[in-house]
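Report on the structure given below.
Please treat every number below as a calculation from the coordinates, not as lab data. It should be emphasised that the depicted structure is a prediction, and the values quoted were computed from it without experimental measurement. Neighbour counts are summed over all protein chains in view; Cβ atoms, including those assigned to glycine, are modelled from backbone coordinates with ideal geometry.
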Amino acid sequence: MCSLGVFPAPVTAAQTLFERNNELLSALHPGEHSQACDLPSPQFTRDTLKGHSRPESSSRSVFLDQRDTLWMRSAGAWRDAGLYGLLDEITNSAEEVPRFLAVGSACVLALLRWASSFHGSLFPHLTLSSDEMVAEFSQMLDWSDSALRSFAWHPHTDKFAVALLDDSIKIYKSNSSPTPTLKHRCQRSVCALQWKPLCGSALAVACQSCLLIWHVDPASLSTRPSSGCAQVLSHPGHSPITSIAWSPTGSLLVSASPVDTSMMVWDVAAESAVPLQRVGGGGVTYLSWSPDGSRLLAATPSALFRVWETRMWTCERWPCLKGSCQSACWSPDGGCLLLSMQGERVIYALTFSDLTGINNTYSSPVTACQLLLILKGFSSLSALLNISVGGEVCSLSWDPRGERLAVLLKGRADNHPSVIAVFKTRSSPVFELLPCGFVMGEAGAEPRFMQFHPHFQHGALLTVCWSDGRISHVPFYFSSAGLLGGDSPQQALASNTTNPSSNKLYTEQIS
Amino acid sequence: IRRTRSGPYEVLRMCGAGTLHTFVVIWRSVASIAWSVLLLPVTSAVFVLLSRFSLFHPIQWISECTSLLTASSTIFSLVVLCGVVLITGLFNLEFYTLVPSIPCSRMALLGTVLHPRQCVHSLVYCTMGMLVMWCASVTIGGRYSTLGIPCRQSESGEVVTCLNEYHLFLLLAGAFMGYSHSFLGVVQNMYYVSFQPIQQYKYPRFKGCLPMVVKCSVIQSLYSARNFAALYFFFGKIFINLCITLQLYSSLQPLDSLTGLLDFSLLYHLSISGTFLYFTWYLTVLLFRIYVTEAYSFPVQSTFTEDAEQCLPKVLAETNTLVMKFLALQDLALLSQHSLSRRLEVFSLSQPGGHPHNWNAISRECMSLLSELTQRLLAHQDAVASNGRVKSQSAKESNCSRESDFDVSETPRLSVPLRTPGSVFTSSVGGMHSALTAPFTPDVDSPFSSPAIRRLVGQQEPRSPWFGTVQSPHIMRRGPKLWSASTDSSRFTVIPLHGLETPVNSCSCHTLNCSAQVKSFLAKRVLIVYLFNKLPEASSQALFADSQAHIWALQGLSHLVAASFSEDQFGVVQTTLPSILSCLVVLLEAVDRHFKLPHASSKPVRTVCSMGDSTYKTLRFALRAALKTAIYKITTTFGEHLNAVNISTEHRKRLQQFLEFKE
C-alpha cells in the first residue's frame, strides 16, 4: 500500500530535467543547463504530419454511382468484403436474382451475423474495427490522436526509431548523421516497433495488415531506404498485429494479434512461422520477453494472461485477475514480473524461482502472484495550480539495472493529467520500492509513452513521448548500489561471480 | 514392396557395423507408425460418417454408421488400411532425407522422376491408392460396392456379369492419386525433414499441425479429383476398351460424358475418399517428421569408457548416420542456450591429465563444419569467376568441368573484366574442383548420406572412382545442356567472348566447330532449351542445402563462447577464441561474397498449402542471419576484451564493425 501523497511533490509544474543526488530537478531550478545529454529530442506536431484522411473504401462516395451487371457487382463485393459482401450484395439485389437465392443468402447472412454477434458477446473486442483495436491495445496512450505512434530504442546503440501519424518511421542517432525515413505501402497504423537484438540493422514493425522487417544499413547515408529493404511477413487471419517481441538472442520473433488466438513464432530469415495456439482469451494483445530469454508473457483481451517458458513452449494460465493485463515489465534478471491490470490502480508482482536453470525440469514453479503495490489516493501537486494526479496504471517500465521503476498513471478530465511516477527499486535483500518523484513535462503536455534507454552509462535514462509530439530524455544520475558497471544482465552476472578486479580474459592475464 | 521391406534391415545391419544410435531413429519411426495405425480407426470412423452423410435422415444416418462400423467388411478394410499405413511408414523411413536433393534443371528433375527407385515408389503408391480406394468404395457401399454386378443382356435376357463403372472410377482415381502423391513427393521434396525453430512436445506439435494436414489433404484431393475427372473424360472409354473385357453396366449413365461426371454425389464421394486417402498418408508423414525431429539429449561425458561412443563429442564427429549428427548438433545448440550444468561439463577438464577434451572435440567439429562450408562457397565463387575461360577447352575436358562451366554461364558479365589471360589455367583447375564441390547432382541413392557433406570434405582427383559411380545417366545427358545453354545465353553476351577465345586454342578448333554446330542445332529446339535451362537459385539452394547443421554449429559455438565469459573457470575456451573468431569472419566474408552473385539474394516464391517442406529454399538467409547473430553474440559479450585476442588486422577491423554495431 502506497499513497501518492508520500511522493515529494514538485513545487512548480515545470519540465523535469534530471535526477541528481536523489532529487528530481526541474527546469526552473537556478543554475541548471537545459539539456543534460546529447541525444536528439525531436518534436512532431500534428499539423505537419498528414495522416490519410479517410480509408480507401470510402473513396467510392466521390464517384458517380453506376450500375454494373450483377456478376460484376458480386465479384467486386467478393473481392472487397469477402463472403459477407457477396451475401449482402445478393440480398440487396433481390429483384435481379432468383427468389430462392435471395432468401437463402438473407438467411445465411442473418445466421452469420447472429454467430458473429454471439462470438462478439463472448469477446467484446472482436466487434471493434481494426483501427479501434490497434488504438485500444497499443502501448501508446491515446494512440489514434497522437502524432507519435510508437517508439523504440535500439538495444545496443544510441539510436531510436519513431513511428509517426503519417505512417512513416524516422530513425535518429546520437550524432548528427542523416535521419532515415522509412515508408512502405504496407506500413499502415504502426502499433509497435522493436529493434532486433544482436543486430545493427533490423527493425520489426507491427502494422495493421502485416509484419515488416526493415533492414536499415547503419553505414548508409541514404535518407529514404527503398521498400526493397523491408521483408513483409504475413499470415492469413493474423492482423492487426498489436505487439511484437524479439527473443533476446535475436533468433526468433513473436507477434500477436487480438483477433487471432494463436501467436506466431517467426524464424524471420527463413520467413516461416510456427503458430502457438491457445483458444482461451480470444486473442493475444501484449507480449513481453524476459531479459534472460527464458519466459514470455502473453496477455489476452480477457481477464487472463499466460506465461510461456521458451524451452519447450508450454504455458501457465493466470486467470485469477479482474481485468485484462494492460502492461508488464520484467526485472533485469528475469525473475520477477510486474503487471498492471486494466482499470486498477494496482501493480502485481509475479516471482519465478528457478532462475539458474540447473535442474532440467521444464516446469516453472511460480511462487505467488502477489499484490505488490496499491497506488491509492490523489496527490495534489501544487496548491496554486490546483492539479491532482493519480489513476489507473497504464504502463510500466523498469530500467535495465533494476534501480528505477517508472509508472505511467492515466489521467481523467480537467486538472487531472496523466503523470509518470518514478520509484527507486531494490531487489536484494528484500524487494523494496521507494518513491522518487514525478516526472513532469512542459506546461500542458501529458506523457503518452515511456521507455528506459537500454544501456545508459551513468544510471538510467527515461525517454518520454509527450502529447505535444515532443520526445524528451530524463536522465537519472546515480551510482549502482549492487552491481558495478555492467550494462547487460550477463555482464552483471559475470561481475557478480568473479571479482571485478580480475575480470579479465585468461589470455590477457597470461600476456 | 520387397525392396521397401529390406529398408529397416539395411538400417539394422548398419547399426551392427556402426553405432547403437541408429536404434533411436528406428524406434522413433516404429513409434510413429504405431501411432498412425492407432489413429486409423478414428479417421476411418470420421470417413464413414462423412461418406454416409444425409441431411434429412439424421437418425437413420447415425444408426447406419454404427452398424457399419462394427461390420466385418469394415474390420477387413481396417486391416488392409493398416497394411497400407505400415508400408507408407516403411517408405518414410527408407526415403526420408535431411538434406534435400535440389535438381538444377528440369532435365535433372525428369531424371529423378524416371529413376528406377522412384518408379518402384510410384508403382507401390499406385497399388496402395487402389487398395485404399477399394476399402473406401466398400465402405461407401451402394452403387460403388463391387466391381462386377449381374445384369441382364438386352437381346438374350440371360444374366451376365457386367462392369460397374462407378467402382472402376474410384479405383482408377486411387491409382491416379497414388501416382500424383509419389510424383509431387519428388517435386515438392515431400521426404525432406526439416527441424522446427522452436522445441515443442510431440502432442502440442501434432495438435498444431493437424489443421494444416487436413487443409492440405482437402486441397490436394480436390485438385486430384479435378485432374482425374478431366483425364477420365478424355481417356476413360479407351482405357476400358483396351484393358477390360467385361461389358459395361448399360443401364447407368456412362461416366465419360459430361452429364455422367457432373453427378454431385459421385464428385462428393470422390473428393471425400481422396481426402481420406491423402490424409492417411500425410498423417503418417507428419507423425514421422515429429518423431524424428524430436530433440535428443546426449550425455556430454560419461564415466564409463564403454558409453563414450554415445557422448556428444563422439556423435558430433559421426559421419555415417547424418541424422545422429543433426540431432547432436541440435542438442549442442540447445544445451548452449538452456542448460548451465551441461555447459559446465563442456568446459570441464578431464580428470587425470586435465585436458579439455570435451571442448576441444566439440569446437573442432563445429569449426571443421564451418570451414568446410567456407571452402565450398569459395570454390563456387571461383567457378563463377572462372566462367568462359574453361569453355574454350571444354570439348576435351571431363563432363564435370563443363558442368561447372555451365552453372556459371549466367554470369559472364561479372567475370569477364575480372580475369586476366594469365589466370586461365589456374581458373580452369579451380573450375574442376568446384564442380566436385558443387553438390548439383541429385542424390537419390542413399537415404542417410548427405551428398553435400561427405563429398565435399576432400578435394578429389578428377578421375577418382566417384565420377563413375555417382554420375547417373541423367547427369551424363547434361552434356549438351551446357552448349545449348551457353549459346542460348547470348543475351548474356557470351558470343563475343567465344570469338575472342577461339584463336587462342587452335588445337581444339575442329572439335569446337562440331560442337558449335551441335550447339546451334540444339539451341533452336525450344523443348531442349526448356528442359536443360538452369533453374535460377538452384545452385544457391544446393550450396546451402545442409545448412541447418551449420546454423546449429554457429548457435552452439557462439552461445558456448559467450557463456564461457562467466562460466569457464579454467580458460578453456579462450585458448581457441582466436581461431573461432577468424573462422567466423572468414565464413562471413565468403557468405557476403556469395550474396553478391546473381539470384543468390532473390527470395523464393511462397508455396501455397502443401505437405512438402520448403524451408530449404530460405536456408541461406537463415544461415547469414545466424552467422551475424553469432558474431554479435561474441562481440557484445566480450566487448573491449576482444582487443586482447590475437587475430589478424583485417579480421580485427571487421570485428570492430561489429563492436560498433555497423553491420
Problem set entry | Residue-averaged beta-carbon neighbours from other chains (10 angstrom radius) around A:261-272 | 5
Exercise. In percent, how large is the relative contact order of the range A:69-132, given Cα pairs closer than 8 Å and 6 or more residues apart?
Worked result: 21
Exercise. Each residue of the range A:209-215 in order: what ³J(HN,Hα) in whole Hz does its phi give by Karplus 6.51 cos²θ - 1.76 cosθ + 1.60, θ = phi - 60°, with x for Gly and Pro?
Worked result: 10, 7, 10, 10, 10, 8, 10
Seminar exercise, completed: Expected integer from the mean partner chain Cβ neighbour count at 10 Å over A:154-165 is 1
Seminar exercise, completed: Once the in-chain neighbours fewer than 8 apart are removed, the lysines whose Cα is under 16 Å from residue A:410 read A:376
Problem set entry | Positive-pole candidate from B:235, B:166, B:102, dipole of the range B:8-292, charges at beta carbon | B:102
Exercise. How long are the semi-axes of the ellipsoid equivalent to the range B:188-278, from square roots of 5 times the Cα gyration tensor eigenvalues, in whole Å, largest first?
Worked result: 39, 15, 11
Exercise. Which peptide among B:637-645, B:135-143, B:339-347, B:258-266 comes first, and what is the full order, when sorted by highest mean count of other Cβ atoms within 10 Å?
Worked result: B:135-143, B:339-347, B:637-645, B:258-266
Problem set entry | Residue mean of other protein chain beta carbons inside 10 Å, B:627-636 | 5
Problem set entry | Neighbour-count order for A:71, A:398, B:35, fewest beta carbons within 10 angstrom listed first | A:71, B:35, A:398
Exercise. If you find the alpha carbon centre of the range A:252-289 and of the range B:620-663, how far apart are they in angstrom?
Worked result: 31
For this session: Would you kindly calculate the mean projected area, averaged across all directions, of the convex hull enclosing the Cα atoms of the range B:8-292, in square nanometres?
Result: 19.0
Problem set entry | Reachable lysines from residue B:617, criterion Cα separation under 27 angstrom, eight or more residues apart if same chain | A:196, B:202, B:207, B:215, B:325, B:481, B:534, B:596, B:603, B:628, B:633
Problem set entry | Sparse-neighbourhood loop sites, chymotrypsin sites (Phe, Trp or Tyr not before Pro) in the range B:41-101 - DSSP loop, at most 16 other Cβ within 10 angstrom | B:53, B:56
Exercise. With a 10 Å Cβ neighbour count serving as the proxy for reagent exposure, in which order, fewest first, do A:468, A:80, A:267 appear?
Worked result: A:80, A:468, A:267
Exercise. Quick one: if the Förster radius is 45 Å, what FRET efficiency do residue B:56 and residue B:201 give, using the C-beta to C-beta distance and rounding to 0.05?
Worked result: 0.55
For this session: Using the number of other C-beta atoms within 10 angstrom as an exposure proxy, rank B:28, A:99 with the fewest first.
Result: A:99, B:28
Seminar exercise, completed: For residue A:145 and residue A:458, extending 7 Å from Cα along the Cα-Cβ vector and measuring point to point gives, in nm, a value of 3.7
Exercise. Expressed as a rounded percentage, what relative contact order does the range B:249-335 have, with Cα pairs under 8 Å and six or more residues apart?
Worked result: 18
For this session: Evaluate the distance, in nm, between pseudo-label points positioned 7 Å from the Cα of residue B:235 and of residue A:224 along their respective Cα→Cβ axes.
Result: 5.6
For this session: Take the Cβ-Cβ distance between residue B:569 and residue A:215 as r, set R0 to 41 Å, and report the resulting FRET efficiency rounded to the nearest 0.05.
Result: 0.55
For this session: With label points built 7 Å along Cα→Cβ from the Cα atoms of residue B:110 and residue B:63, find their separation and express it in nm.
Result: 6.1
Exercise. Over the range A:254-359, what is the relative contact order in whole percent, taking alpha-carbon pairs under 8 Å and six or more residues apart?
Worked result: 16
